[in-house]
1. Using a Gaussian network model on the chain with a 10 Å cutoff between Cα atoms, which of GLU15, GLU218, GLU179 fluctuates the most?
2. Can you classify the chain as rounded, prolate or oblate using the Cα gyration tensor, where a ≥ b ≥ c are the square roots of its eigenvalues, rounded means a/c under 1.5, and otherwise it's prolate if a/b beats b/c and oblate if not?
3. With both partners inside the chain, how many of the DSSP beta bridges are antiparallel, as a percent to the nearest 5?
4. Taking trypsin sites (Lys or Arg not before Pro) as candidate sites, keep only those in a DSSP loop with at most 15 other Cβ atoms within 10 Å, then name the longest stretch of the chain containing none of them.
5. Students often forget the sequence filter, so: which aspartates and glutamates lie under 18 Å Cα-Cα from LYS232 once same-chain residues fewer than 8 apart are removed?
6. Over the chain, what relative contact order in percent results from Cα pairs under 8 Å that are six or more residues apart?
7. At a probe radius of 1.4 Å, what is the per-residue accessible area of ASP123, in Å² to the nearest 10?
8. Under a crude label model (7 Å from the Cα following the beta-carbon direction), how far is LEU224 from THR99 in nanometres?
Amino acid sequence: MNNVNRFDVITIFPEYLAPLNLSLIGKAQAAGLISIGIHDLRDQTSDVHGSVDDTPYGGGAGMVMSPEPWGSAIDAVAELVPNEVHELIVLTPAGQKLTQELAIELTKSKHLIFACGRYEGIDVRVSDFYSTQKNFKVREISIGDYVLGGGEVATLVIMEAIIRLLPGVIGNPASLDEESHTLTSDDGALVEYPNYTKPKEWRGLSVPDVLLSGNHGEIAKWRLEQARIRTKNRPN
Ligand code: SAM
């Protein structure tokens, strides 16, 4: 499979992406499984103030991010991975909602570029323009129906959801199979069954006997049943 191995993030707050150097993602970078570039949008501005926004046409509150610095920044990062189709992810609460299925789909792109909006968002002509370019695929993605101050946290969420699925990133790949939104039954996708570890008793609460039985068939049956119950009772 053609897996993603290059991620570029464009933002006015490069420091916001520091957690990418930690834990699984930090280790995946150190092992050379992926490479990540963080780019300051203001490097693409020509005025002394490094302005990246302007007032909205049509009036109204807030400022809109100007297309010029975005165009220059996206063109520059596309050159880092020549001869590839670049998947441009524009973060917006109006976009397609992130799901496990979408994260899996995104693992198939070779180069992902994340455009982190701020203020009222990015002039829509940036998405419109790159949608017409044959070496780009544009996706507007939201991480849920609420409004954040910027796209940086959403980028961290999406990158973590993708990177943990890439070959070699998680020590035991079998642990990916039995997770929430990956587990399936005849009724569709399930959330995971409840997990327990030692000690057997904690504050008066015991581990269910079946998990101590060593009977793998019964354990699998119990887990599937618990996953169904949890899925059914999950608040929306
Ligand atoms: N005016 C926009 C609207 O009403 O749709 C909201 C802009 S928001 C204050 C600023 C930026 O935060 C957006 O451009 C986007 O990059 C990011 N953002 C906010 N909420 C998001 C979400 N749920 N998912 C992804 N990105 C989000």
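1. Looking only at GLU15, GLU218, GLU179, the biggest GNM fluctuation is shown by GLU218.
2. Values: a/c = 2.44, a/b = 2.05, b/c = 1.19.
Since a/c reaches 1.5 and a/b is larger than b/c, the shape of the chain is classed as prolate.
3. On the way: 6 of 31 bridges.
Restricted to the chain, the bridges split so that about 20 percent are antiparallel.
4. So the longest stretch without any such site is 1-107.
5. GLU178, GLU179, ASP186, ASP187, GLU192
6. Taking the mean separation of contacting Cα pairs over the length of the chain, I get 20 percent.
7. It works out to around 30 Å².
8. 2.3 nm
The values are calculated or read from the model by the stated rules, or taken from the named source; none is laboratory data. Not measured: the values here are computed from a predicted model. Every residue, glycine as well, gets a Cβ built from its backbone with ideal geometry; the counts of neighbours run over all protein chains shown. Heads up: the accessible areas ignore ligands, DNA and RNA and are worked out on the full protein's heavy atoms, side chains in. Shrake-Rupley method; radii C 1.70, N 1.55, O 1.52, S 1.80 Å.
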